[in-house]
């Protein structure tokens with residue numbers, strides 16, 4: 001069932017998904033960037049827990065369903081073009097929003113032309129089992 005809130009979002013512009021930034025409601029740190037389709041948005045609103053759409057797996061991704069690192073949604077904001085969201089969330093579980101075990105997916109910084117980690121992991125993602133997270137990317 002389409003809600004009036006989801007009807008106002010332009011899901012068609014990017015082929016059925018919209019970008020979403022998840023930001024820690026207390027610290028305002030960007031935790032992650034993901035996508036939502038209409039179904040993910042409506043589930044998020046209905047449950048108060050972040051649900052995204054995984055483009056690589058082509059299915060709903062209920063944040064924390066494997067790790068317990070779910071996000072409680074505090075506020076949702078839409079941009080002026082009605083095609084991008086910012087969600088203020090409380091990161092639960094081990095406090096790791098990133099599948100690598102870091103608090104944020106943005107844990108590397110460009111320093112002197114090289115990407116360097118500037119924060120330690122909160123948890124070893126192996127804790128969640130051998131199939132957790134993404135497959136390692138091939139070197140470029």
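Coordinate-derived values only; no laboratory data. Every value quoted in this text rests on a predicted model; they were computed, and no experiment measured them. Here the Cβ is made from the backbone with ideal geometry for all residues, glycine too, and neighbour counts use every protein chain on show.
Between residue 78 and residue 127, what FRET efficiency comes out of the Förster formula 1/(1 + (r/R0)^6) with R0 = 22 Å and r the beta carbon distance, rounded to 0.05?
Working from the Cβ atoms, E equals 0.05.
Quick one: order 110, 85 by neighbouring beta-carbon count within 10 Å, fewest to most.
Listing 110, 85 from fewest to most nearby Cβ atoms yields 110, 85.
Pull out the extension gain between residue 66 and residue 116, defined as 0.36 nm times the separation in residues minus the alpha carbon to alpha carbon distance; nm, one decimal.
Once the chain is fully extended between residue 66 and residue 116, it gains 15.2 nm.
Starting at 0 and stepping by 5 Å, how many percent of the alpha carbon pairs of segment 32-105 end up in each bin?
3, 16, 27, 28, 18, 6, 1
If contacts are Cα pairs under 8 angstrom and at least 6 residues apart, what is the relative contact order of the chain in percent?
After rounding, I find 20 percent.
With springs connecting C-alpha atoms under 10 Å apart, model the chain as a Gaussian network and identify which of 119, 39, 90 has the largest mean-square fluctuation.
119
Sorting 88, 36, 14 on the 10 Å Cβ count, fewest up front, what's the list?
Taking fewest neighbouring Cβ atoms as first place, the list is 14, 88, 36.
When the helices in the chain are scored as -39500 (n - 2.57) per DSSP H run of 4 or longer and the sum is shared across all residues, what 222 nm value do you end up with, to the nearest 500 deg cm²/dmol?
After summing the helix terms and dividing by residue count, I get -2500 deg cm²/dmol.
So how tilted is helix 38-47 from the main axis of the chain? Cα-based, degrees 0 to 90, rounded to 10.
80
Hey, of (1) 23.2, 81; (2) 26.5, 82; (3) 15.6, 51, which did the structure itself give for Rg and Dmax of the Cα atoms in Å when calculated?
Step by step, Rg and Dmax of the Cα atoms in Å for this structure corresponds to label (3).
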